[in-house]
Amino acid sequence: MREKLAAQLYTLRNELKKDFPGTLREVKRMGWSAVQIDGLHGNDPREIASVLDELGLRIAGMHVGLERMKHDLPAVIEEARLFKTKDFICHSLPDELMNPAGYKSVRSDLREVASKVAALGLRAGYHNHDFEFHTTLEDQYALDYVLELDPANPVYAEIDTYWVKKAGLDPLAYMRQYAGRMPIMHLKDMTKDDRQYFAEIGTGIIDFAPIIAWGEQSGVEWYAVEQDYCPGSPLDSLAISLEHLLKLEPEIKRIMS
């Protein structure tokens, strides 16, 4: 399973701003096989791609803003080519789009992007938070509305375990509807106290073994580990999460057997 685990680089955004190549080397030294890109912080994508190739770090997709998808798509496609990835995912939305009219435009925009890149072997996707569960359209959550399948222009799900839990739903029960449509899953834990805050994998309340077992049987290609805020060093937090996930492998195999 190790080869399918990726460190989401938003976790290390402050470290990357200081030394992007050096931080990637630390991630590789820690034992990660892949990373998920979340901005280049002014670095040349060709230079970062060269470092990734040197280290043998693979890319589990890129997080990209919707405005870049709409207005800078050739550059996004070129970055996907450089990073040898099929996937670029809309990572969030501005406040002005978190309403019924906004979600309608987001769905339309993502489908249009999907129609432009599918022939290139690329996949456009959407990453959730909890706010998409606060609005309903056509008797469904805004997230399900945005991700509703258009077979001609499919938009892929990137479901985040923490944010589903934060919205008051069971992550595994919710994501079952996206079997075969979620090449990347976001793993993120939640603290056991009333804060319901971000936590290292294995230290919180989410049971990841059955979630990953389901993912292995449902077309998930990557498990991207993200921790938005860490109590100490983000590198230490990623190390804790990786260690726990690797220890889960026997239990995951047992569930799948």
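A few remarks follow.
- Leading residue by the ranking (farthest from SER108 (Cα to Cα)) among those in region 21-70 that are of a type in the set (Gly, Ala, Ser) and in contact with a His (Cβ under 9 Å, 6 or more places away or on another chain): GLY39
The rows are residues; the columns are (1) touching a Ser or Thr at 6+ places or on another chain (Cβ under 6 Å); (2) loosely packed, with under 14 Cβ neighbours inside 10 Å; (3) not hydrophobic (A, V, I, L, M, F, W, C).
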{"position": "ASP194", "(1), (2), (3)": "no, yes, yes"}
{"position": "TYR197", "(1), (2), (3)": "yes, no, yes"}
{"position": "THR203", "(1), (2), (3)": "no, no, yes"}
{"position": "ILE206", "(1), (2), (3)": "yes, no, no"}
{"position": "TRP214", "(1), (2), (3)": "no, no, no"}
{"position": "TYR223", "(1), (2), (3)": "no, no, yes"}
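- Residue list for region 1-22, restricted to those being of a type in the set (Ser, Thr, Tyr) and surrounded by fewer than 22 Cβ atoms within 10 Å (Cβ to Cβ): TYR10
- Residues that are touching a Lys or Arg at 6+ places or on another chain (Cβ under 9 Å) and open to solvent by less than 10 Å² (accessible area, probe 1.4 Å) within region 106-124 comprise VAL113, ALA114, VAL117, ALA124, listed in sequence order.
- If you go through region 70-92 and pick out every residue that is among the aliphatic types (A, V, I, L, M), surrounded by fewer than 21 Cβ atoms within 10 Å (Cβ to Cβ) and in contact (Cβ under 8 Å) with a residue 24 or more places away in the chain, you end up with 3.
- Residue within region 176-190 that is touching a Lys or Arg at 6+ places or on another chain (Cβ under 9 Å) and over 20 Å from HIS91 (Cβ atoms) present: no
- Filtering region 160-183 to residues that are touching an Asp or Glu at 6+ places or on another chain (Cβ under 6 Å) and open to solvent by 50 Å² or more (accessible area, probe 1.4 Å) leaves only LYS166.
- Every pair of residues 6+ apart whose Cβ atoms lie under 6 Å, when the first sits in region 36-52 and is more than 20 Å from ILE184 (Cα to Cα) while the second is open to solvent by 70 Å² or more (accessible area, probe 1.4 Å) and charged (D, E, K, R): HIS41/LYS17
- Among residues of region 1-28 that are farther than 30 Å from PRO210 by Cβ, none has a beta-carbon under 6 Å from a residue that is of a type in the set (Val, Ile, Thr) and part of a loop (DSSP other than H, G, I, E, B) at least six positions away or on a different chain.
- Subset of region 225-257 that is outside any helix (DSSP H, G or I) and not hydroxyl-bearing (Ser, Thr, Tyr) - its residue that is most open to solvent (accessible area, probe 1.4 Å): PRO231
- Checked against the criterion of being out of contact with any Phe, Trp or Tyr (no Cβ under 9 Å at 6 or more places or on another chain) and under 18 Å from ASP87 (Cβ atoms), the candidates ASP236, ASP150, ASP207 yield just one match: ASP150.
The values are calculated or read from the model by the stated rules, or taken from the named source; none is laboratory data. All figures in this text were calculated on a predicted structure; none of them were measured in a lab. When we count neighbours, we look across all protein chains shown, and the Cβ atoms used for this are built from the backbone with ideal geometry, even at glycine. Ligands, DNA and RNA are excluded from the accessible area calculation, which covers all protein heavy atoms including side chains. Shrake-Rupley method; radii C 1.70, N 1.55, O 1.52, S 1.80 Å.
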